[in-house]
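The values are calculated or read from the model by the stated rules, or taken from the named source; none is laboratory data. Everything numeric in this text was worked out from a predicted model, so none of it was measured. A quick note on method: Cβ atoms are made from the backbone with ideal geometry, for glycine too, and the neighbour counts reach across all protein chains shown.
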Amino acid sequence: MAGFSIRQLSMVYGGAEPTETLADVNLDIEDGEFLCILGPSGCGKSTLLEILAGLQQPTAGEVRFGPDALIGPDRRLGVVFQDPSLYPWRTIQRNVELGLEIGETGKRERSEAAQRYLKMVGLAGFERKYPHQLSGGMRQRAGLARAFANRPEVLLMDEPFGAVDHLTRLQLQDDLLAIWEADRKTVVFVTHDVSEAVYLGDRVVLLSPRPGRIQEVFAVPQRRPRKREDAELLKIQQDIYLAIQQVRAPDSVEFAI
Ligand SMILES: Nc1ncnc2c1ncn2[C@@H]1O[C@H](COP(=O)(O)OP(=O)(O)O)[C@@H](O)[C@H]1O
Ligand SMILES: [Mg+2]
């Protein structure tokens, strides 16, 4: 099963001035769960996600993916960063096919999969365009299609909608939920936006300022589709703001409201 168990994880970046980035993180992420990780800039969210992706080794502690210790990158883990990093010389279609070229998928199957996922993210008709011909929101959609086309068991997303305008962002959240509802992959979604975390997640893990520790875990039991103005959701948002204020250092104002 495709969940994670994180035990006594800590991370210190070396160098002239060692940076303690994560401290004693313990967390179980359930198979099929949509988990949001929320925290101020620099608290170690990206570091935690990179560790879950097998792209970084923690200084101490252990991460299990299913029954196995996670020791490095794994095809079952799909990663989406803020910058979709599409290859400018490839069409959108060929960018989405990219991950499948490494595997054993045949040419025709690759092409069909790319078209299917492009359609799913609302990019049907744009297959032959190049990245520079698309808006930022559309490029991010193409990045999502590429991640989904690889059919990972888990999606690890690092502020994937951080670079698009607000209304597009709301639309992308709904698109992501629609795709997630269809096959309920485990999603770990990093954000510093409280409302985004509460709208999307089954649970919201709040990290403290660096070194990131788990400050509090908020359950969001509301059924989907959710209403953004739902009083219960807004109440949870308020609880999170209160928790943030309790530990906020005077010089850190990094949360989006
Ligand atoms: N490769 C690295 N080497 C050294 N320090 C790093 C590295 N990556 C991140 N850091 C430091 O670790 C801290 C947390 O970074 P990051 O995980 O990117 O936080 P977040 O994603 O929450 O903004 C920051 O102080 C950052 O400067
Ligand atoms: Mg980050």
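Under 7 Å between Cβ atoms, at least 6 apart or on separate chains: pull out the pairs that start in the stretch 11-31 with a residue that is β-branched (Val, Ile, Thr) and end on any residue that is assigned to a loop (DSSP other than H, G, I, E, B).
Val12/Pro18; Val12/Thr59; Thr21/Gly44; Thr21/Arg210; Thr21/Pro211; Val25/Arg213; Ile29/Gly3
Can you name the number of the only condition in (1) more than 16 Å from ligand 2 (Cβ to nearest atom); (2) under 25 Å from Val198 (Cα atoms); (3) touching a Lys or Arg at 6+ places or on another chain (Cβ under 7 Å); (4) at pLDDT below 95 that Gly78 fails?
(3)
Within the stretch 136-167, count every residue that is without any contact (Cβ under 8 Å) to a residue 60 or more places away in the chain and surrounded by fewer than 17 Cβ atoms within 10 Å (Cβ to Cβ).
4
Please state which one of Val79, Val63 is touching a Leu at 6+ places or on another chain (Cβ under 6 Å) and free of Cβ contacts under 8 Å to residues at least 60 places away in the same chain.
Val63
Determine whether Leu134 is away from ligand 1 (no atom under 16 Å from the Cβ), out of contact with any His (no Cβ under 9 Å at 6 or more places or on another chain) and at pLDDT below 95.
No.
I need the full set of residues from the stretch 98-109 which are surrounded by 15 or more Cβ atoms within 10 Å (Cβ to Cβ) and either at pLDDT 95 or above or more than 23 Å from Gly122 (Cα to Cα) (or both), in order please.
Correct list: Thr105 only.
Would you say Glu181 is at positive phi, assigned by TED's automatic domain parsing to the domain that holds Lys227 and charged (D, E, K, R)?
Judged against the criteria, Glu181 is not a match.
Ile92 versus (1) away from ligand 1 (no atom under 16 Å from the Cβ); (2) over 16 Å from the mean Cα position of the chain (by Cα); (3) surrounded by fewer than 22 Cβ atoms within 10 Å (Cβ to Cβ): which is the lone unmet condition?
Going through (1) away from ligand 1 (no atom under 16 Å from the Cβ); (2) over 16 Å from the mean Cα position of the chain (by Cα); (3) surrounded by fewer than 22 Cβ atoms within 10 Å (Cβ to Cβ) one by one, Ile92 breaks only (3).
Give me the residue from the stretch 204-251 that is within 16 Å of ligand 2 (Cβ to nearest atom) and either of a type outside the set (Gly, Ala, Ser) or assigned to a loop (DSSP other than H, G, I, E, B) (or both) and, out of that set, nearest to Glu30 (Cα to Cα).
Here the residue is Val205.
Rundown of residues vs (1) among the β-branched types (Val, Ile, Thr); (2) more than 16 Å from ligand 2 (Cβ to nearest atom); (3) at pLDDT 95 or above, yes/no style:
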| residue | (1), (2), (3) |
| --- | --- |
| Val12 | yes, yes, yes |
| Ile37 | yes, no, yes |
| Ile51 | yes, no, yes |
| Pro67 | no, yes, no |
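Could you grab me the full set of residues in the stretch 25-69 that are of a type in the set (A, V, I, L, M, F, W, C), more than 23 Å from Leu177 (Cβ to Cβ) and away from ligand 1 (no atom under 16 Å from the Cβ)? Before you say what the answer is, go through the steps one by one.
Narrowing the stretch 25-69 to residues of a type in the set (A, V, I, L, M, F, W, C): 25, 27, 29, 34-38, 43, 48-49, 51-53, 55, 60, 63, 65, 69.
Within this subset, residues satisfying the condition of being more than 23 Å from Leu177 (Cβ to Cβ) are 25, 43, 51, 55, 60, 63, 65, 69.
Phe65, Ala69 - these are the residues of the stretch 25-69 that are of a type in the set (A, V, I, L, M, F, W, C), more than 23 Å from Leu177 (Cβ to Cβ) and away from ligand 1 (no atom under 16 Å from the Cβ).
Checking the structure you have, find out if any residue of the stretch 1-9 is within 16 Å of ligand 2 (Cβ to nearest atom) and surrounded by 14 or more Cβ atoms within 10 Å (Cβ to Cβ).
No, the stretch 1-9 has no match at all.
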